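Take a look at the structure below.
The values are calculated or read from the model by the stated rules, or taken from the named source; none is laboratory data. Predicted model only: the values in this text are computed from it and were never measured. Heads up, the Cβs are rebuilt from the backbone with ideal geometry, glycines too, and the neighbour counts pull from every protein chain shown. SASA here: full protein model, heavy atoms, side chains in, ligands and nucleic acids out. Shrake-Rupley method; radii C 1.70, N 1.55, O 1.52, S 1.80 Å.
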Amino acid sequence: TTIAYDGKTLAGDRKSVWGNEPVRTRKVFRVWTPGGKILRVGFSGRCEDVVSVLFWMRHPTTTRPKPHESFSAIVVDERGRIWDIKEKLIYVRVNNKIWAIGSGADIATGAMAAGKSAAEAVRIASRFDINTGLGVDTLRF
C-alpha cells in the first residue's frame, strides 16, 4: 500500500491481497462526521480493520475498534491539516506539507519532494514496491 498527500490531493493505490491473489480495492475515502465535518482519509492495513475504523469514524459513539499493529491512516481535515493515526486510533498532528504511509511511503515521499503530485508519487511507488499497484484513486481538495 501507498497513500500519499501533497497538500492538494490524497492518493492511494488499489492493491490488496486475499490469500495469494491481488485484488483491487479502494483505500481513500471522504468521511462525513456526525458534526458535519468532511474528512479525507487514506488507509493502510488489513481490510477488516479499514472497514471497522471507517465505521467508527462515521459513528464515533460506537465501540472503538482495535486494529492490528500494521494499521495506519492519513486523515486530512477541512483546513488541510494532516493527522496520522496508528493502531491506538489517536490522532497525531503532522506538521508537514506532504505525507505518505504504507510500504511505498519512502518512495512516494521522495517523489513528492522532487515535485511530483500525490497521484504520480503513488504510480512511481507502484513501480518499485511489490505491495503497491493496480491503479490509483484520488480525492482533491
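Results, tabulated for the structure shown:
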| quantity | calculated |
| --- | --- |
| Total charge dipole magnitude, the range 37-141, about the Cα centre, Cβ charges on Lys, Arg, Asp, Glu only, Debye to nearest 20 | 360 |
| Over the chain: helical MRE at 222 nm, DSSP H runs n ≥ 4 each giving -39500 (n - 2.57), nearest 500 | -7000 deg cm²/dmol |
| Charge tally in the Cβ shell below 11 Å around Thr132, where Lys, Arg are +1 and Asp, Glu are -1, Thr132 excluded | +3 |
| 1.4 Å probe accessible area per residue over the range 80-138, in Å² | 55 |
| Partner lysines for Lys15 [C-alpha distance under 17 Å; skip if fewer than 8 residues away on the same chain] | Lys27 |
| Of [x] -0.51; [y] -0.42; [z] -0.60, the label for log10 I(q)/I(0) by the Debye sum over Cα atoms at q = 0.12 Å⁻¹ derived from the coordinates | [y] |
| The range 43-141: trypsin sites (Lys or Arg not before Pro) falling in loop per DSSP and having at most 13 other Cβ within 10 Å | Arg79, Arg81, Lys88, Lys97 |
| Å² per residue, accessible surface of the range 1-51 at 1.4 Å | 50 |
| Accessible-area composition of the chain, carbon plus sulfur, in percent [1.4 Å probe] | 52 |
| Loop-located GluC sites (Glu not before Pro) in the range 42-84, at most 16 other Cβ atoms within 10 Å (DSSP) | Glu69, Glu78 |
